[in-house]
Amino acid sequence: MTTYERSLNILEELFARDYQFALATSNDNIPSVRFVDTFYDDCAFYIVTYAKSKKVKEIEKNPEISMCNKLYRFSGIARNIGHPLLEENHAIRQKLIKVFEPWYFAHNDENDENMCYVKIELKQGFFYKEDIGYKVDFEERNAEEFPFKFDLL
């Protein structure tokens, strides 16, 4: 197994669940940050949101985003992939309903045409697990691993 393949397995272990990140977008070079619930699947994060929200409008103008929580950090390209009931969203919808089950239908109305999913295709990332750090270039499909201790002084 390559370091890149191992890093993808660690990503799945850490983030293939409801995980909050601070999501940074920008509008006319002015940054905007908010916490969002995410789900990781196959080199991408997914967000359940609303097409008229500020974050989606900013993503439509500039799809370059960054996310962080603790020392985990990622950059990528975000795009609105449309309404949950679109045929092409069927597979990811099933996963999102399951992972966000405690709140998915309580906070989302699939009858609303503006409900949407945002997909973040990853470009770069840093994360760690069990004293090993991973720096990943998703575009080049390579990764570095190195000793890493989470220690904030």
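Observations on the structure shown:
- Over the chain - Rg/Rh using Cα atoms and the Kirkwood inverse-distance radius: 0.98
- Links that overshoot a 26 Å alpha carbon limit, given the list K98/K119; K61/K95; K52/K129: K61/K95; K52/K129
- When each of the peptides 71-83, 115-127, 24-36 is scored by the mean number of other C-beta atoms lying within 10 Å of its residues, the order from highest to lowest reads 115-127, 71-83, 24-36.
- Estimated distance in nm for a label pair at F35 and N9, the labels positioned 7 Å out from Cα along Cα-to-Cβ: 3.2
- Sorted peptide list for 17-23, 136-142, 41-47, criterion being average Cβ within 10 angstrom, highest first: 41-47, 17-23, 136-142
- Gyration tensor (alpha-carbon) shape descriptor, segment 73-153, a/c threshold 1.5: prolate
- Segment H107-L71, length gained on full extension (0.36 nm per residue, minus Cα span): 10.1 nm
Here, each number is a calculation from the coordinates, and none is a lab measurement. Keep in mind that this is a model prediction, so the values were computed, not measured. No Cβ is skipped: glycine too gets one built from the backbone with ideal geometry, and neighbour counts run over all protein chains shown.
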